[in-house]
Every structure is written in structure tokens, then in C-alpha cells.
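Below is one structure, written out as C-alpha cells; comments come after it.
Values quoted throughout were computed directly from the atomic coordinates according to the rules given, and no laboratory measurement underlies them. All values reported here derive from a predicted model rather than from experimental measurement. In this analysis, Cβ positions are derived from the backbone assuming ideal geometry, glycine residues included, and neighbour counts consider all displayed protein chains.
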Amino acid sequence: TDPRTEVGQVGAALNHMLHHVGDALARRQEGEERLRHFAADASHELRTPVATVRAHAELALRHGGPVPAEVRHSLERIQSETRRMTGLVDDLLLLARLDAGRPLAREPVDLTRLALDAISDAQAAAPGHRWLLDLPEEPVVVTGDEHRLHQVIANLLANARTHTPSGTEVTLSIDEMPCGTRELSVTDSGPGIPEDLVPEVFQRFTRADHHRSRAAGGTGLGLAIVLAVVQAHGGDVEVTSGPGRTSFHVTLPE
Ligand code: ADP
């Protein structure tokens, strides 16, 4: 046969295949888009009923008159679990919004002030830990979403608190690199993240000890949120961990 015919046939077959791949990709993108919207809608819809259940448990506890100890215990369980659920739903909603590429605020944010606030909150929540700050003399400012960046620091400090024993030293430091990149690090002297877990810590619902983490109020979404928020700012997060030292490094562009 004429090689030109063969080349033509191969070309036509390739074209056909590419067409199918294109179709499949478009369908998949549509599916992912729908899934992202579903996740955002579902978490949004869950907020109100959870808040209502929680409010009723609180009302019954406060104004329900004397109740048997078991009933009180049940109401308190409803209260604490719905509080946890509210946190979970809020975290899921935020992740769904970030997945959907919702734009964040873009305003000048003084990282040094956020760090001071976050450390004083941590100090109040866990006075048994040793909280240290290592800040440059000048304020370090980035362009971004103040509320979300505060959450990044708070989540990292919350982990340094809940996954380490009292007395652990935790240092929050901020640096401005010569290239203009801003670096924020949280380093603790705790037991470290189990080695096999390190590559997965930023995935959703990854936890070393499910029960202990739950009891500590964790949702397993803290680090997923840290990474998603930082990446939405054009930055990145790295972790190094071993016994006696765990360090999270966040880099952010100017
Ligand atoms: P959680 O709500 O469980 O804290 P995260 O996503 O914030 O969820 O963290 C995931 C897991 O990574 C934690 O459950 C814990 O096992 C581990 N981890 C995170 N930070 C630390 C830390 N500073 N020291 C030890 N383990 C940690």
C-alpha cells in the first residue's frame, strides 16, 4: 500500500482519538465542577440545621429546669458534638470555596501583627506550653486575605498545642527573604509526626491518632486548609518532622 495512505489513516485515527479524549475531558471537568458546587452547597445547607440543634440544646440546658443527670449529660453531648460539627462544616465550606477558585480578599496584611495576636491567643489557650516569637523589627506585610491568613497561623499553632505535651516549646518566626518572599515558620519540640504520615499530612482527614485528635477538637482538615489558603495566595508550605522537632514553613509572595 501507499505509505501516504497509511499516514493518512493513522492521522485520521489519531484525530478521532483526540476528539474522544477532548470530549471525555470536557465531561470530566463538568462533573468535577458539579461536585465542587455540590460540596459547597451541601456544607452551606448543613450550617443552619446544626446551629438550630445546638441552640436548642443550649436552651434546654439553661432554661429547662432541673433535669436528671443522664438527660443533662445527653444535652451536653449534643452541645459539644454540634459545636464540633459547626467547625467541621465551616472548614468543609471554606475548602469547597477554595476548590471552586473563589477569589480571596487582596489587601495589605501585616503578618507580624497577626503573629502577635495568634501567639497571645495560644498563650491563653495553653499556658503550660512555652510560646516564643521571633520577629524582625520592621513589620512584614503581604497582600492577601487577613482573616484566612490568621486562620493559617492559628491552625499551625493549634497543632503545635494539641499534638504535643504541656511544657513543649513552640516558636513562631517570620522572616523577609532578600528576594522579597516572606517566610513564616512554626516549630515545636514535641514528639513529631509519625514518619509514614508526613507525606500525607496535608491531605484531608489525615490523622495519626483519630480518637485522640477528635478528643482534642481536631477535624483532620486543619493542614488541608493551611495548604489550600497558602496556595491560593501563590505560596507554598513544607514540613519537616522528627522526634523533638516539627517545623512547618510557609512561604508567601510579597
Ligand atoms: P487535626 O485536626 O487532626 O489536627 P490536621 O490536618 O491539622 O488535623 O493535622 C493532621 C495530623 O497531622 C494530626 O492529626 C496529627 O497526627 C499530625 N500533626 C499535625 N501537626 C503536628 C505537630 N505539630 N506535631 C505532631 N503531629 C502533628
- Item | Amide proton proximity set for G144, modelled H, under 5 Å, gap of 5+ | E107, V109
- Taking a ≥ b ≥ c as the square roots of the eigenvalues of the Cα gyration tensor, with a/c under 1.5 meaning rounded and otherwise prolate when a/b exceeds b/c and oblate if not, region 1-70 is prolate
- Message: From zero outward in steps of 10 Å, how is the percent of C-alpha pairs of region 157-213 spread across the bins?
- Response: 20, 42, 29, 9, 0
- Item | Neighbour-count order for D23, D188, fewest beta carbons within 10 angstrom listed first | D23, D188
- Which FRET efficiency, nearest 0.05, do H63 and D41 yield, Cβ-Cβ r, R0 45 Å? 0.85
- Query: So what is the 222 nm mean residue ellipticity for the chain from helices alone, if each DSSP H run of at least 4 adds -39500 (n - 2.57) and you divide by all residues, rounding to the nearest 500 deg cm²/dmol?
  - Reply: -19500 deg cm²/dmol
- Fully extended contour minus Cα-Cα distance, from E76 to V7, at 0.36 nm per residue: 17.4 nm
- Note on the structure: Going from the fewest other Cβ atoms within 10 Å to the most, one would list L25, L46 as L25, L46
- Task: Could you list the square roots of 5 times each eigenvalue of the Cα gyration tensor of region 36-98, that is, the equivalent ellipsoid semi-axes, sorted largest first and rounded to whole Å?
- Result: 30, 10, 7
- Item | Fraction of alpha-carbon pairs over 23 Å apart in the chain - percent | 63
- Note on the structure: Of the candidates V230, V186, T52, the farthest towards the positive dipole end of the chain (Lys/Arg Cβ +1, Asp/Glu Cβ -1, centred on the Cα centre) is T52
- Item | Rounded to 5, percent antiparallel among DSSP beta bridges of the chain | 85
- Please report, in debye to the nearest 20, how large the charge dipole of the chain is about its Cα centre when each Lys and Arg carries +1 at its beta carbon and each Asp and Glu carries -1 there. 1080
- Ranking of H37, H20, H249, H63 by count of other Cβ atoms within 10 Å, fewest first: H63, H20, H37, H249
- Query: Alpha carbon centre of region 109-179 versus region 17-58: separation in Å?
  - Reply: 33
- Query: About its Cα centre, what dipole magnitude does region 1-137 give when the only charges are +1 on Lys and Arg Cβ and -1 on Asp and Glu Cβ, stated in debye to the nearest 20?
  - Reply: 440
